[in-house]
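The values are calculated or read from the model by the stated rules, or taken from the named source; none is laboratory data. All values derive from a computational prediction rather than experimental measurement. Cβ placement follows ideal geometry from the backbone for every residue including glycine, while neighbour counts extend to all protein chains displayed. Please note that ligands, DNA and RNA were not included when accessible areas were found on the heavy atoms of the full protein model with its side chains. Shrake-Rupley method; radii C 1.70, N 1.55, O 1.52, S 1.80 Å.
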Amino acid sequence: MAEQKTGGEVKLDGKSPIRAAALAALIEAPGHGWDVARRASLRMGSSWGVDAKHVYSYLKRLLADELIRVEREPSDRPPYVLDVYYPTEKGKQARRAWLAARPRTKVVRGDLNIRLGFSTEEDIPELLRAFAERRLDVLEELEENTARETLQVSYVGTVISLQCSAADKRLRAEKEWIDEACRKLEERREKRSG
């Protein structure tokens, strides 16, 4: 959620980059929820995957903080009316402040890390199965990411290309870690059964 500053100023707090991305997408151009999700996903890269059905909770919070406003506009498709979101001046100011603020970064801690951290030697077969499944997912994400490569003919094209590059590097590093974990778990299982 947004953090209140004194004087009624609202700022983006960095806890939700997707919330900031939705606001930035609306500052680029007003749009309805599905459009905002599509544009945010495009700009953020394949590893984010902003889900259209979940973007509405972010839009609701942006509305509550008065960073955006909504207008019902006619549509040529059912239900023949759309909620179209627009940034407010307060939203534009919050985005500028967010861009100028120091980024909040964290180490990614996924479900596999938790499973590994709380496993026992008896859990090795299940862990190997989970790692194999995640490895397939990573390979699929790498393939999808490669398919998203864009020409760098515009600033947006350059941004999308940089996002794809970052996702590619993270995914390749995760695949390398999965391969290492599987090797070491297999070695451990062989020592235990041998």
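Things to note:
- Amide proton proximity set for residue 69, modelled H, under 5 Å, gap of 5+: 86, 88
- Gain on full stretching of the segment that runs from residue 121 to residue 34 - 0.36 nm per residue minus C-alpha separation: 26.8 nm
- Nearest 10 degrees, 0 to 90: helix 89-100 Cα axis against the chain principal axis: 40 degrees
- Rounded to 10°, Cα long-axis angle of helix 33-44 versus longest principal axis of the chain: 50 degrees
- The chain: angle of helix 52-64 to the longest principal axis, Cα-based, in degrees nearest 10: 50 degrees
- Net lengthening on full extension, residue 114/residue 52 (0.36 nm per residue, minus Cα-Cα): 19.5 nm
- Expected 222 nm ellipticity per residue - DSSP helices of 4 or more, -39500 (n - 2.57), all of the chain, to 500: -20500 deg cm²/dmol
- Probing with 1.4 Å while keeping every protein chain in the model, the per residue accessible area of segment 70-194 equals 75 Å².
- In this label model, residue 90 and residue 162 are separated by 3.0 nm, measuring between points 7 Å along each Cα→Cβ vector.
- Heavy-atom accessible surface of segment 107-194: percent carbon and sulfur, 1.4 Å: 53 percent
- Debye log10 I(q)/I(0) for the chain, one point scatterer per Cα, at q = 0.09, 0.11, 0.12, 0.14 Å⁻¹: -0.48, -0.66, -0.75, -0.92
- Sites residue 66 and residue 148 - FRET efficiency at Förster radius 35 Å, r taken between beta-carbons, to 0.05: 0.55
- A run of the chain free of exposed loop cleavage sites, with chymotrypsin sites (Phe, Trp or Tyr not before Pro) counted only in DSSP states other than H, G, I, E and B and at most 14 other beta carbons within 10 Å, reaches its longest extent at 1-79.
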